Amino acid sequence: MPVEEFVAGWISGAVGLVLGHPFDTVKVRLQTQTTYRGIADCMVRIYRHESLLGFFKGMSFPIASIAVVNSVLFGVYSNTLLLLTATSHQERRLQTPSYMHIFLAGCTGGFLQAYCLAPFDLIKVRLQNQTEPRAQLGSPRPRYLGPMHCAASIFREEGPRGLFRGAWTLTLRDTPTVGIYFITYEGLCHQYTPEGQNPSSATVLVAGGFAGIASWVAATPLDVIKSRMQMDGLRRKVYRGVLDCMVSSVRQEGLGVFFRGLTINSARAFPVNAVTFLSYEYLLRWWG
Ligand SMILES: C[N+](C)(C)CCCC[C@H](N)C(=O)O
């Protein structure tokens, strides 16, 4: 089993993650809180009230967990393709696999990755949604003091299953959309690369960026629902399940609710995934 793919997936994911986290925080707030008037309003208010640090809330757990999450994503994808097509990463440049195989391998990667991601993603979303400025003397104490405290409190208050709140919606979101992610990436690389050669850095950047946007456009409706399910149960449980969450969100806010955070998410997805794929390709080439 090519281990390099797992390691390359991890490092490239971490680079992308730090770059995109401030955008991610704005997205999560827009999706789950109705007090912001738009992207600019949300950014200004985070900055004024919580300083630059406010944008980086909830980043430490994703950084710690990206090793597992992204190496599962890329490693499972690549190894599933190896099983389906009997070709390695390098050989695939000469012999492009069918889009069906790419899609299936992507879905498998997305499905398995979602379960590793779920608890970390939950803690990220809960911390990102805390609007209190960093602890100062006399200021109100936020509910969660940090990622470990957050994990422990969820465990205590909502039980071990509480840590997997929203996991099912996350799986529904990621299984098909990771398929779309890899199809877009491989398709664009194939289109703009002469037969048998490695794609140029520019091609990888653009293909990676568009893969990010395409998959996030497809993922946004379930992303909104996922974030809402994760915030549910904080005071009392509002939703009875995924479907109930969808129906009551649409009833209250209209169909537009499914596109909450789409603009900021796409703006984030391009650079994040361009850098992710570029470092992934470079690391794999470097290791031969
Ligand atoms: C979830 N979805 C399949 C849409 C995107 C997968 C891309 C993952 C990347 N780390 C990012 O955060 O953009």
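The values are calculated or read from the model by the stated rules, or taken from the named source; none is laboratory data. Since this is a predicted model, take the numbers as computed values, not measurements. Glycine gets a Cβ as well: all are built from the backbone with ideal geometry, and neighbour counts include every protein chain shown. Ligands, DNA and RNA are stripped out before the accessible areas are found, and what is left, the full protein with its side chains, is counted by its heavy atoms. Shrake-Rupley method; radii C 1.70, N 1.55, O 1.52, S 1.80 Å.
Just to be sure, is PRO62 touching a Phe, Trp or Tyr at 6+ places or on another chain (Cβ under 7 Å), in contact (Cβ under 8 Å) with a residue 24 or more places away in the chain, open to solvent by 20 Å² or more (accessible area, probe 1.4 Å) and not small (Gly, Ala, Ser)? When the stated conditions are applied, PRO62 does not pass them.
Any chance region 172-182 includes a residue that's more than 13 Å from the ligand (Cβ to nearest atom) and either under 18 Å from GLY16 (Cβ atoms) or modelled with pLDDT under 95 (or both)? Break it down stepwise before answering.
Initially, region 172-182 is screened for residues more than 13 Å from the ligand (Cβ to nearest atom), giving none.
Looking for residues that are more than 13 Å from the ligand (Cβ to nearest atom) and either under 18 Å from GLY16 (Cβ atoms) or modelled with pLDDT under 95 (or both), one finds none in region 172-182, hence no.
Quick one: which of GLY54, GLY16 is more than 30 Å from THR108 (Cβ to Cβ) and part of a helix (DSSP H, G or I)? Before you say what the answer is, go through the steps one by one.
Values: GLY16 fails: more than 30 Å from THR108 (Cβ to Cβ).
Step by step, each of GLY54, GLY16 is checked, and only GLY54 is more than 30 Å from THR108 (Cβ to Cβ) and part of a helix (DSSP H, G or I).
Part of a helix (DSSP H, G or I) and more than 30 Å from SER153 (Cα to Cα), is that true of VAL72? No.
Quick check on this structure: which one of LEU94, LEU83, LEU73, LEU17 is more than 22 Å from TRP286 (Cβ to Cβ) and either crowded, with 16+ Cβ neighbours inside 10 Å or more than 16 Å from the ligand (Cβ to nearest atom) (or both)?
On the way: LEU94 fails: more than 22 Å from TRP286 (Cβ to Cβ); LEU73 fails: more than 22 Å from TRP286 (Cβ to Cβ); LEU17 fails: more than 22 Å from TRP286 (Cβ to Cβ).
Answer to the selection: LEU83.
Remark: pairs (first residue in region 170-190, in contact (Cβ under 8 Å) with a residue 40 or more places away in the chain and open to solvent by 20 Å² or more (accessible area, probe 1.4 Å); second residue away from the ligand (no atom under 11 Å from the Cβ) and not in a helix (DSSP H, G or I); Cβ separation under 7 Å; 6+ apart in sequence or on different chains) = HIS190/THR96.
If we scan region 240-252, do we find a residue that is open to solvent by 20 Å² or more (accessible area, probe 1.4 Å), more than 30 Å from LEU188 (Cα to Cα) and of a type in the set (Ser, Thr, Tyr)? Yes, there is a match, as at least one residue in region 240-252 is open to solvent by 20 Å² or more (accessible area, probe 1.4 Å), more than 30 Å from LEU188 (Cα to Cα) and of a type in the set (Ser, Thr, Tyr).
Within region 18-52, which residues are farther than 21 Å from MET231 by Cβ and either in contact (Cβ under 8 Å) with a residue 12 or more places away in the chain or of a type in the set (Lys, Arg) (or both)?
As a first pass, look at region 18-52 and keep what is farther than 21 Å from MET231 by Cβ: 18-19, 40, 44, 47-48, 51-52.
Residues satisfying the conditions are VAL18, LEU19, ARG48, SER51.
Could you please give the count of residues in region 234-288 that are of a type in the set (D, E, K, R) and assigned to a loop (DSSP other than H, G, I, E, B)?
Filtering region 234-288 for residues of a type in the set (D, E, K, R) gives 235-237, 240, 244, 251, 253, 260, 268, 281, 285.
Next cut, assigned to a loop (DSSP other than H, G, I, E, B) only: 235-237, 240, 260.
Here the count works out to 5.
Looking across region 230-239 at every residue that is open to solvent by less than 30 Å² (accessible area, probe 1.4 Å) and closer than 30 Å to ASN273 by Cα, the one that is farthest from the ligand (Cβ to nearest atom) is identified as ASP232. For region 20-34, residues that are open to solvent by 70 Å² or more (accessible area, probe 1.4 Å) and touching a Ser or Thr at 6+ places or on another chain (Cβ under 9 Å) total 0. Could we say that GLU157 is out of contact with any Pro (no Cβ under 9 Å at 6 or more places or on another chain), under 24 Å from SER60 (Cβ atoms) and exposed (fewer than 14 other Cβ atoms within 10 Å of the Cβ) here? The answer is yes for GLU157. Here the condition is being more than 10 Å from the ligand (Cβ to nearest atom), within 21 Å of LEU170 (Cα to Cα) and surrounded by fewer than 22 Cβ atoms within 10 Å (Cβ to Cβ); of VAL257, VAL206, VAL224, VAL217, it holds for VAL257 alone.
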